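The structure under discussion appears below in the form of structure tokens.
Only the coordinates and a few stated rules stand behind these numbers; no lab work does. Computed from a prediction, not measured in an experiment: that's the story for all the values here. Glycine gets a Cβ as well: all are built from the backbone with ideal geometry, and neighbour counts include every protein chain shown.
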Amino acid sequence: MHVDLDILVYAVIAALLLGRLWAVLGTRNDDEPQRPNPFAPPPPKPAQEEDPFALPPPVSSRMQPAALPPASLAGGLAQVKAADPSFEEKPFLQNARDAFADVVSAYASGNVNSVAKLLSPALLAHFQQAADARSAEGQTAQSRIARIKECEAIAARAEGKQVFVTVRFVSDQENILRDRSGTVIGGVEGKAEEVTDIWVFTRDAQTPDAPWIVVETRG
């Protein structure tokens, strides 16, 4: 009977200790996150999968820029410059402006041969034929460029060593045409009109000091 009493006392003490421990620690639900162990080594990082849609890293600035398209004016001028290293756009346009004024004046006066060095043989022949036909009719022309408002390159290309630059001229011109008796039959005296001309200049870059000549004119 004494032994049974000792066992009962120990059982009660054990039950009380277990109850206190249960109250302090509590129970962990399966959904409750486990408390991390601060002394445990960090788990290895999972391998990062490559995202095929992610942006690539920045490209080095040393990469060469893409070539300009030949169809663009900048690309065409670059082609001309590569074939003719002496080409400079601003001096070229100034010379084109002077050539335009000289040719317009020479054509009106009928003295086309004075600008022969500025025209291709085919264009010179065409201008001369038109001037001769006008003269045969007894007509005279007078052209005065009041001012050239615009002179700009609008296209350019290189074909081997032959280079071409297309220039657009916008000018105010007073163009008068008189018949045999001197009567004005075209234009209005003292009135300038805006005229747009498109001229194509070419040069053989392989020949030193070869001049720029006009090979095509259109309005």
Counting every Cα pair in the stretch 112-209, what percent are over 21 Å apart? 52
Magnitude of the Cβ-charge dipole (Lys and Arg +1, Asp and Glu -1) of the stretch 73-218 about the Cα centre, nearest 20 debye, reported as 40
Using θ = phi - 60° and Karplus 6.51 cos²θ - 1.76 cosθ + 1.60, couplings along the stretch 209-219 (whole Hz; Gly, Pro as x): 6, 5, x, 7, 10, 8, 10, 7, 9, 7, x
Considering only Cα-Cα distances, which of the following residue pairs are longer than 23 Å: 81/149; 90/161; 117/161; 90/191? 81/149; 90/191
Multiply the residue separation of residue 206 and residue 188 by 0.36 nm, subtract the distance between their alpha-carbon atoms, and state the gained length in nm to one decimal. 1.9 nm
If you count, for each residue, the other Cβ atoms within 10 Å and average over each peptide, how do 134-146, 97-109 line up from highest to lowest? 97-109, 134-146
Quick one: Karplus J couplings for the stretch 114-120, per residue in order, coefficients 6.51, -1.76, 1.60, θ = phi - 60°, nearest Hz, x for Gly and Pro? 5, 10, 4, 5, 9, 10, 5
